[in-house]
Amino acid sequence: MIHTVTGHPETELCIVALILVVLGIVIIIGKGDKLIAGCNTMSKRRRGMYHVRRIRIVVAGMLWVCAAYMFTLVWFAENMKFVTTSSFIFGIVILTAVVLCSTWAKRR
């Protein structure tokens, strides 16, 4: 048994997943640029090298994928084969998002 704050790890995972969904919405509407790592510390010249809207899309997408992954872990916790497969897919999606942030979001 995992020791958690409430004693119900499934409930806690769902709460964290809902928080990630809300953060994704805040970022996609443009109110959470300060939450994106590196965006608030860049100089204006460096910030001009990136499409901020595209970075928002990728970061919000990553947050929603993380939330979906957490919901998947809660719903299919008994099926270890499904959890392993979804973990592999989750890793690939996150790596793809990192590549998108460094290529697609850069101005040419």
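The values are calculated or read from the model by the stated rules, or taken from the named source; none is laboratory data. On a predicted model such as this, the values are computed, not experimentally measured, just so you know. No Cβ is skipped: glycine too gets one built from the backbone with ideal geometry, and neighbour counts run over all protein chains shown. These area figures cover heavy atoms from the full protein model, side chains too; ligands, DNA and RNA do not enter into them. Shrake-Rupley method; radii C 1.70, N 1.55, O 1.52, S 1.80 Å.
The table below lists the values:
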| read-out | value |
| --- | --- |
| Any pair with Cβ under 6 angstrom, 6 or more apart, that starts in segment 64-75 at a residue that is under 13 Å from residue 88 (Cβ atoms) and ends at one that is of a type in the set (S, T, N, Q) | 72/86 |
| Exclusive hit being surrounded by fewer than 15 Cβ atoms within 10 Å (Cβ to Cβ) and in a helix (DSSP H, G or I), set 45, 108, 54 | 45 |
| Within segment 63-77, tally of residues that are under 16 Å from residue 8 (Cβ atoms) and either surrounded by fewer than 19 Cβ atoms within 10 Å (Cβ to Cβ) or at pLDDT below 85 (or both) | 5 |
| Close pairs (6 angstrom Cβ cut-off, 6 or more residues apart or separate chains): within 15 Å of residue 52 (Cβ to Cβ) in segment 19-39, of a type in the set (A, V, I, L, M, F, W, C) and open to solvent by 40 Å² or more (accessible area, probe 1.4 Å) anywhere | 32/26 |
| Residues (over 25 Å from residue 73 (Cβ atoms) and open to solvent by less than 70 Å² (accessible area, probe 1.4 Å)) located in segment 10-31 | 30 |
| Members of segment 56-92 that are under 9 Å from the mean Cα position of the chain (by Cα) and hydrophobic (A, V, I, L, M, F, W, C) | 58, 59, 60, 62, 63, 64, 65, 66, 67 |
| Among (1) under 29 Å from residue 14 (Cβ atoms); (2) in contact with a Lys or Arg (Cβ under 7 Å, 6 or more places away or on another chain); (3) at pLDDT below 85, the one test that residue 27 misses | (3) |
| Failed criterion for residue 36 (all others in (1) under 19 Å from the mean Cα position of the chain (by Cα); (2) modelled with pLDDT of 85 or more hold) | (2) |
| In segment 32-42, the residues that are part of a loop (DSSP other than H, G, I, E, B) and open to solvent by 50 Å² or more (accessible area, probe 1.4 Å) | 37, 40, 41 |
